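J.: Before anything else, here's the structure in question.
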Amino acid sequence: MSAGSEPPVGTFLDRFVLPADPAAPGQARRRLAADLAGRGVPAEVTETVLLLASELVTNAVLHGHGEPVLEIRTTESTVWVGVRDPDHHPPQARPTDADSLGGRGLHLVDALAEDWGAVPVAGDGKTVWFLLRR
């Protein structure tokens, strides 16, 4: 995990506000899939983006105390996704075991992303982000 990172300089694809309810991860997946479809992003990368974004949006809904804002940027070689929420506390991966029903989201992000991190947003919480190679 990186302490912080600016989004890559590249093509800004989309930024959208999601509801602070259980429907948000599904809405995020549909919107991201549509955004990436026209950008030539390989299917396996898109699937990973959808999985990791869903995990971050779920965390934002459960712990962020407000509507998450999702942003996506692409370059020729990367896909960057950030999820902003109003909570100022940095994300923390919970210890899990084989019987745990939840708490694996950040572990998945750590295992599958090229890089990830969280940055404070002045007066507006934090952005948790990940970067994938295309």
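The values are calculated or read from the model by the stated rules, or taken from the named source; none is laboratory data. Every value quoted in this text rests on a predicted model; they were computed, and no experiment measured them. Glycine also receives a Cβ, built like all others from the backbone with ideal geometry; neighbour counts cover every protein chain displayed.
J.: Taking region 77-92, which residues are in contact (Cβ under 8 Å) with a residue 60 or more places away in the chain and in a loop (DSSP other than H, G, I, E, B)?
T.: Initially, region 77-92 is screened for residues in contact (Cβ under 8 Å) with a residue 60 or more places away in the chain, giving 78, 80, 82.
The answer is none; no residue qualifies.
J.: Please work out if Ala33 is touching a strand residue (DSSP E or B) at 6+ places or on another chain (Cβ under 8 Å) and modelled with pLDDT of 95 or more.
T.: no
J.: Would you say Glu67 is free of Cβ contacts under 8 Å to residues at least 60 places away in the same chain and either in contact with a Lys or Arg (Cβ under 7 Å, 6 or more places away or on another chain) or in a helix (DSSP H, G or I) (or both)? Before the answer, list the steps.
T.: Numbers: free of Cβ contacts under 8 Å to residues at least 60 places away in the same chain: yes; either in contact with a Lys or Arg (Cβ under 7 Å, 6 or more places away or on another chain) or in a helix (DSSP H, G or I) (or both): no.
The answer is no for Glu67.
J.: With respect to Val49, is the statement that it is assigned to a strand (DSSP E or B), closer than 17 Å to Gly105 by Cβ, of a type in the set (Val, Ile, Thr) and in contact (Cβ under 8 Å) with a residue 12 or more places away in the chain true?
T.: no
J.: Among the residues of region 1-20, how many are more than 14 Å from the chain's Cα centre (by Cα), more than 15 Å from Thr75 (Cα to Cα) and either of a type in the set (Phe, Trp, Tyr) or modelled with pLDDT of 95 or more (or both)?
T.: Result for region 1-20: 2.
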